[in-house]
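Data block below; observations after.
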Amino acid sequence: MSSGRENYREDVAGRANVEDTPELLAYYDELEALEAGALWTVANKIEPWEPQSSSLPMIWRYRDLREHVLRSVELVTPEKAGRRVIYLNNPGRREFAAAVGWLYSGLQVMHPGEAASAHRHSASALRFIMEGAGAYTIVDGHKMTLNANDFVLTPNGTWHEHGVEESGSPCIWQDGLDIPLVNTLEANFYEVHPDLRQAVGFAVDDMTKTWGNPGLTPGGGAWDKGYSPLYKYEWERTYEALKRYADATDGSPYDGVMMEYVNPVNSGPVMQTIGASMQMLRPGEKTKAHRHTGSYLYQVAKGKGYSIIGGKRFDWQERDIFCVPSWAWHEHANLSDSDDACLFCFNDLPVMRSLGLYREEALADNGGHQPQD
């Protein structure tokens, strides 16, 4: 019987398999009038056998976007726009302005001498610098100078603003936020600083000098916030750490040589809802496929290669951005036989772990590699 009403049936023991009848259809109408419904009609939909991500594997190539990002400077002023950002829109997540899952990403541009107004919000945010010189970020009065491939935090609830020194050059960086997640939880607040600017109350780059020393924390240093006090993670130190680690390990068969950015106080994630990592693929390295819960957004920090995501190949080069939806098979390859490749990634892994939802699986067939479309 075809009724036009949703009824997700499966002929499997233990799953809902109720056939529509005239009496049931009338019953459903009565429930609908009371803003209610029969679980067995939707149980198989809302309780899938495994995660069914609506996000699509995607790549956003920097060479395609860069001209449009720079053109926004000609079209709108920072005063009118607040922030000039071209956001990345996953076709399966357009309703939420999400790049993948519940994560947002955008490319922001600023010219020398420009400064965006200070603000704060409930969403956690990060910056990954793509190009330019003279950029800076101020977080709760702490000013940080920024260079290419530096990773910067603007945690939830902190006053923050960005700018480029007069002596600098046009700068572009990736913004990453959990805006879709916080909005879904109906918990987002946004405030503009009453003075539009905040005073710098500390020595420039003081948080890096205080908290960014390997194996050392400041004597008597107290930090009770849920996010890392190391607001800036410098590329040079990160890359050096990867190279040193590569000398001591064979790496993961699925991720190569990977290191997670951590809170130096407790070795936990950098923020409560967003984690981040940097991984190195050694010359000619090809990883095996695995999948896990959680959404992942990658930016190519160095090198050239490709990733196979859900059976589809995506070729990438420096500054390209691509996503891996939750529970999608994925593997990576470095196309160079002489140089390494590095992938920055931010993700919702802290949420998965804290809620007990993280799960991972390796591909057992075909030597651990996916067949490609």
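The values are calculated or read from the model by the stated rules, or taken from the named source; none is laboratory data. As the structure is a prediction and not an experimental result, all values here were calculated from the model. Positions of Cβ are backbone-derived with ideal geometry, glycine not excepted, and every protein chain shown enters the neighbour counts. Side chains included, ligands, DNA and RNA excluded: accessible areas come from the protein's heavy atoms. Shrake-Rupley method; radii C 1.70, N 1.55, O 1.52, S 1.80 Å.
Some values worked out for this structure:
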{"read-out": "Share of carbon and sulfur in the accessible heavy-atom surface of the chain [1.4 Å probe, %]", "value": "50 percent"}
{"read-out": "Cα shape, the range 96-240, gyration tensor, a/c 1.5 rule", "value": "rounded"}
{"read-out": "Cβ-based charge dipole, the range 304-373, positive-most Cα from GLY368, ILE321, ASN334", "value": "ILE321"}
{"read-out": "Whole-Å distance, taken between Cα centres, linking the range 333-372 and the range 143-173", "value": "29 Å"}
{"read-out": "Gyration tensor (alpha-carbon) shape descriptor, the range 2-146, a/c threshold 1.5", "value": "prolate"}
{"read-out": "Accessible area expressed per residue, the chain, with surrounding protein chains retained (probe 1.4 Å, Å²)", "value": "49 Å²"}
{"read-out": "Amide hydrogen neighbours beyond the local backbone of GLU131, cut-off 5 Å, H modeled", "value": "ILE172"}
{"read-out": "Peptides ranked, highest mean first, by Cβ atoms within 10 Å: ranges 27-37, 262-272, 293-303, 48-58", "value": "293-303, 262-272, 48-58, 27-37"}
{"read-out": "Debye equation applied to the C-alpha atoms of the chain, log10 I(q)/I(0) at 0.11 Å⁻¹", "value": "-0.82"}
{"read-out": "Pairs of lysine residues in the chain - Cα separation under 20 Å, sequence separation of 8 or more or cross-chain", "value": "16"}
{"read-out": "Distance (nanometres) between label positions extended 7 Å along Cα→Cβ at THR217 and ASN147", "value": "2.8 nm"}
{"read-out": "Signed unit charges on C-beta, dipole axis of the chain, positive-most listed residue ALA26, PRO91, PHE344", "value": "PHE344"}
{"read-out": "Anisotropy class of the range 183-231 from Cα gyration tensor, a/c 1.5 cut", "value": "oblate"}
{"read-out": "Dipole in debye (nearest 20) - the chain, about Cα centre, beta carbon charges: Lys, Arg +1; Asp, Glu -1", "value": "860 debye"}
